[in-house]
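All remarks here apply to the structure that follows.
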Amino acid sequence: MKSNLTYLKKLELFKELDNFKEGQFFAIADVKVKNHLPQWIQFSPHVFWLKNPEEEKNLEVYGQALEFFLRQGISRGSTLYAFGGGATTDFAGHVAATILRGIKWVAVPTTLLAMIDGSIGGKVAINMPQGKNLVGSFHMPERVFICGDFLTSLSEKEWMSGKGEVLKYGFLSEEIHKLIISKAPIEDIAMACANFKNIVVERDFKENGERIYLNLGHTLGHAFEYSLKIPHGHAVAMGLKYLFKIMGLHEAHSQWEVMVKALALPSEKFEIGYFSKFDINTFSGYLEQDKKKLDSRLRLVLVKNIGICYVEEVALKDFKAKIHAYGEFKS
């Protein structure tokens with residue numbers, strides 16, 4: 001599988017996009033990045049705008065998007081562009097995978113989280129009331145344009161979410177761990193994370209092997225995201241921390257603390273006690289929706305050393321018992 005990542009500056013990106021200015025151009029975009037796009041895209045009648053991508057990543061809005069593009073004359077030869085964060089690229093990729101039995105698509109991630117994770121790998125989906133990303137497919141984008149200039153537009157919440165996902169890569173790769181510890185420029189760390197994921201995906205597109213390691217921190221992370229209504233990367237950082245605590249991985253937890261400090265993340269915001277409305281029953285109940293669950297067992301990705309992870313199957317009831325018994329979850 002050929003690498004599809006391209007790193008460029010905003011002016012280079014706009015020049016690339018100008019090739020489609022006079023023809024049919026179809027896109028799904030987060031309205032928050034509208035003013036950061038060329039004017040001809042801002043006023044194009046072929047753009048389906050999302051106001052709140054994570055909330056709109058559902059069946060109802062998916063249906064509206066399909067009707068919109070079919071009315072606009074989209075064809076099997078068309079390419080669909082996606083401008084926004086991970087929820088936007090997830091949504092757009094799923095539309096591209098299913099409309100007219102599948103068309104090409106191009107991701108233009110505009111958040112740190114999307115640049116290092118959400119837009120890469122071809123896992124596209126929409127949410128259901130029962131859980132995140134439960135309806136989707138594997139549909140690789142033709143290109144992923146990574147433009148670090150978009151990072152200047154991020155809010156503090158988006159920065160924290162992106163860096164939360166960076167933490168995961170710090171456990172998966174010695175190279176990325178060293179970049180984090182040495183406080184390298186975030187653009188360099190982002191490119192290293194994107195390249196790392198892209199290489200893993202090239203070797204294991206359908207997640208039959210090593211790609212499962214990219215789910216490190218996500219079993220508990222998704223439960224935190226659902227129960228606390230916090231951004232994905234923020235939840236993954238918490239998922240890592242409490243996975244290490246519950247499973248007694250003391251060295252991994254120490255490394256987590258070191259990397260949190262190096263990335264200038266507010267450690268207090270990753271404490272369960274920081275959230276007054278945390279409900280243990282809502283949290284543990286969500287684990288039933290884990291897509292990596294096999295029958296009544298969870299496949300947990302755990303850390304042996306930096307750069308060395310492994311999968312351990314744990315009975316769901318036993319894991320939930322560990323959670324309920326752990327002190328911080330009772331507070």
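The values are calculated or read from the model by the stated rules, or taken from the named source; none is laboratory data. The structure displayed is predicted, hence computed values, not measured ones. FYI the Cβ positions are ideal-geometry reconstructions off the backbone, even for glycines, and counts take in every protein chain you see. Side chains are part of the model used for accessible areas, which takes the heavy atoms of the whole protein and leaves out ligands, DNA and RNA. Shrake-Rupley method; radii C 1.70, N 1.55, O 1.52, S 1.80 Å.
Can you find even one residue in segment 121-128 that is in contact with an Asp or Glu (Cβ under 6 Å, 6 or more places away or on another chain), among the hydrophobic types (A, V, I, L, M, F, W, C) and farther than 22 Å from Glu12 by Cβ? Taking every residue of segment 121-128 in turn, at least one turns out to be in contact with an Asp or Glu (Cβ under 6 Å, 6 or more places away or on another chain), among the hydrophobic types (A, V, I, L, M, F, W, C) and farther than 22 Å from Glu12 by Cβ.
Which numbered condition trips up Leu300, out of (1) open to solvent by 10 Å² or more (accessible area, probe 1.4 Å); (2) in contact (Cβ under 8 Å) with a residue 40 or more places away in the chain; (3) outside any helix (DSSP H, G or I)? Failing condition for Leu300: (1). The single condition among (1) in contact (Cβ under 8 Å) with a residue 12 or more places away in the chain; (2) within 24 Å of His222 (Cα to Cα) that Glu55 does not meet is (1).
Considering segment 1-60, the qualifying helices (runs of 4 or more DSSP H), each wholly inside and each with 1 or more residues that are under 18 Å from Met115 (Cα atoms) and open to solvent by less than 100 Å² (accessible area, probe 1.4 Å), run over 10-17, 53-56. Might you let me know whether segment 157-166 holds any residue that is out of contact with any Leu (no Cβ under 6 Å at 6 or more places or on another chain), touching a residue at least 40 places away in the same chain (Cβ under 8 Å) and either surrounded by fewer than 18 Cβ atoms within 10 Å (Cβ to Cβ) or not in a helix (DSSP H, G or I) (or both)? Yes, that holds for at least one residue. Looking at Lys330, Lys261, Lys229, Lys320, can you tell me which residue is modelled with pLDDT of 95 or more and among the charged types (D, E, K, R)? Only one candidate qualifies: Lys261.
Which residues, taken from segment 254-269, are without any contact (Cβ under 8 Å) to a residue 60 or more places away in the chain, touching a Phe, Trp or Tyr at 6+ places or on another chain (Cβ under 7 Å) and open to solvent by less than 70 Å² (accessible area, probe 1.4 Å)? Within segment 254-269, none qualify.
None of Trp40, Trp49 is touching a helix residue (DSSP H, G or I) at 6+ places or on another chain (Cβ under 7 Å) and in contact (Cβ under 8 Å) with a residue 12 or more places away in the chain except Trp49.
Only one of the numbered conditions (1) surrounded by 14 or more Cβ atoms within 10 Å (Cβ to Cβ); (2) modelled with pLDDT of 90 or more; (3) not acidic (Asp, Glu) is violated by Lys291, and that is (2). Looking only at residues in segment 86-120 that are under 12 Å from the mean Cα position of the chain (by Cα) and open to solvent by 10 Å² or more (accessible area, probe 1.4 Å), the one that is modelled with the lowest pLDDT is Gly118. State whether the residues of segment 176-187 include one that is hydroxyl-bearing (Ser, Thr, Tyr) and in contact with a helix residue (DSSP H, G or I) (Cβ under 7 Å, 6 or more places away or on another chain). There is no residue in segment 176-187 that is hydroxyl-bearing (Ser, Thr, Tyr) and in contact with a helix residue (DSSP H, G or I) (Cβ under 7 Å, 6 or more places away or on another chain).
Among residues of segment 235-253 that are farther than 19 Å from Tyr274 by Cα and open to solvent by 30 Å² or more (accessible area, probe 1.4 Å), none has a Cβ under 7 angstrom from a residue that is assigned to a helix (DSSP H, G or I) and hydrophobic (A, V, I, L, M, F, W, C) at a sequence gap of 6+ or on a separate chain. Scanning segment 126-144 for residues that are under 21 Å from Glu202 (Cα atoms), open to solvent by less than 10 Å² (accessible area, probe 1.4 Å) and out of contact with any Pro (no Cβ under 8 Å at 6 or more places or on another chain) returns a single hit, Pro141. On inspection, Tyr274 qualifies as in contact with an Asp or Glu (Cβ under 8 Å, 6 or more places away or on another chain), over 28 Å from Ala192 (Cα atoms) and surrounded by 13 or more Cβ atoms within 10 Å (Cβ to Cβ). Looking across segment 208-234, just one residue is open to solvent by 30 Å² or more (accessible area, probe 1.4 Å), touching a residue at least 24 places away in the same chain (Cβ under 8 Å) and over 28 Å from Phe275 (Cα atoms), and that is Tyr213. Hey, any hits in segment 262-276 for a residue that's out of contact with any Gly (no Cβ under 8 Å at 6 or more places or on another chain) and within 25 Å of Val200 (Cβ to Cβ)? Yes.
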